[in-house]
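Q: Got a structure for you, questions after.
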Amino acid sequence: MNRHPAYLLLGVAAASFFSSVAFAAEPDWRAEAIAMLKRDFQSMGQASYERIHEDDLQTLCNKFSNTPPEKVAVQMMAKQQKTVKYPADGQLMGDWKSGEKIAQSGRGFTWTDEPGIPVGGNCYNCHQISPKEISYGTLGPSLFNFGKLRGGPSVEMQKYAYTKIYNAKSYNACSNMPRFGHVGALNEQQIKDLVALLLDPESPVNK
Amino acid sequence: MKNTGKLAPHRAGSAVLLAAFLAAAALLPLTAHAQTAVVEKDAATLEFERFRAEMEEFGPSGLWEDKGEQLWKTARGPKNASLEKCDLGLGPGVVKGAYVQMPRYFADADKVMDAERRVVWCMVNLQGFKEEDLTKSPFAKEGQDTPEQTSLITYIAAQSRDMKIAVPQKHPKEIAAYKIGKEITGYRAGPYDFSCLSCHGEEGKRIRMQNLPNIASSTGALQAFQGWPGYRMTGGVMLTQQWRMADCFRQQRFPQPKYASDAITALLTYLTVNANGQVYKGPGIKR
């Protein structure tokens, strides 16, 4: 590079000038989209209008197209991790059989769902889990042999699985997976049962 | 099947087949629910595919096409006018090819409108129907009469059968609708943090056994556009793209989008422009 520093500076100044002009000319489509969504949605059944608003985490994921800079992501994950409430009795694993039922159900939270009914885990919608169920989705990774591949139900693994189900954003700031415990979709016992489905050596997942 | 209207002779035989199909279709969900074994579920899927293939031979949507054509051409409403002066973008009364060139900007409304929104606009402005009456219960429900605009849309869509999708992106508001629609697809909110792209943003993904088109790709967008308006076997009703978009938001756990609103038009603009250049096969059948 033989260019004189002054030319270089001039070039940078010109580039930033033109890019700022271009930036100003391009409308803020995200802001326009949000304004439109706020105008065009309405409460229906239990799906109240307020759901159209982003929470802090959703705002950051949406702004950064689900890939926030690492510094931001670390802060987001720390904040989400703090929301996780662990069982007072210290027990993290319940009954895998009831976990399987919860994993099968995809009901809850839509405007056609009856409010107050137990919400399903929606797990098979996105994951392979027990080999007996072949109607499984592929949006998430396969969880077949989850415990077996991780050396069984160690306390660390139980805590990981419990945390992941309670608030998936604790480990991946903009994970596709809902925050089932955080939003009150699944209660403590339901999460324990799902942890058992994944980690209990007797669960078909680990056979 | 209340809205059969006048059956064209070539469709009389189809009606018999349709009745047989409907009886079988009514049994299908029972089979799927009662038997959880893997093999039988697969058989149900295969059975459905076989029915779909047979159904597509003649298409149950023909019944609504006929009804829609009647509605289009008959003087009705407080102003006792037909819709033959309704401009779907290619000039007053031109229906041929209009469906695959919407959403588009309409100067008289100063808005970008998708086909269904435009029909509602024409029914209100040309025929004098009340907008609130048309938007109160805009989608077909099992055991009830099909809304008139659904039949009209089916007729209009059928007039674009086998034509290339060519949605314009010239007017600044058409471009804005696309850009905003794109933003909406990525907007995560609600209790489950879902956006359209949570399910429709990658190639080759499924929910359970249901394949999910990636609406950002041109082949995926076509898949999402194709087959609508469609005869939906669940409930045995004719439904439109407006319904489809609303039902996606329902499953996203969002609140309900208003019928014929800017947001749905923006989303349909994004989706349909992405499918530009490919051939639309006309009203279809959906599971």
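Q: Evaluate region B:194-217: report whether one residue or more is more than 30 Å from A:Ala185 (Cα to Cα), in contact (Cβ under 8 Å) with a residue 24 or more places away in the chain and either among the polar types (S, T, N, Q) or surrounded by fewer than 19 Cβ atoms within 10 Å (Cβ to Cβ) (or both).
A: Checked against the condition, which is being more than 30 Å from A:Ala185 (Cα to Cα), in contact (Cβ under 8 Å) with a residue 24 or more places away in the chain and either among the polar types (S, T, N, Q) or surrounded by fewer than 19 Cβ atoms within 10 Å (Cβ to Cβ) (or both), region B:194-217 yields at least one hit.
Q: When you check B:Gly181 against the structure, is it surrounded by 22 or more Cβ atoms within 10 Å (Cβ to Cβ), within 23 Å of B:Val112 (Cα to Cα), within 11 Å of another protein chain (Cβ to nearest Cβ) and not aromatic (Phe, Trp, Tyr), yes or no?
A: yes
Q: Filter region A:51-69 down to the residues that are more than 7 Å from chain B (Cβ to nearest Cβ), part of a helix (DSSP H, G or I) and among the β-branched types (Val, Ile, Thr) and list them by number.
A: A:Thr59
Q: Report those helices (runs of 4 or more DSSP H) wholly inside region A:120-207 carrying at least 3 residues which are surrounded by fewer than 20 Cβ atoms within 10 Å (Cβ to Cβ) and either away from every other protein chain (no Cβ under 11 Å) or within 19 Å of the chain's Cα centre (by Cα) (or both).
A: A:155-166
No lab work stands behind these numbers, since they all come straight from the coordinates. Everything numeric in this text was worked out from a predicted model, so none of it was measured. For neighbour counting, all protein chains shown are included, and Cβ atoms are generated from backbone atoms with ideal geometry for every residue, glycine included.
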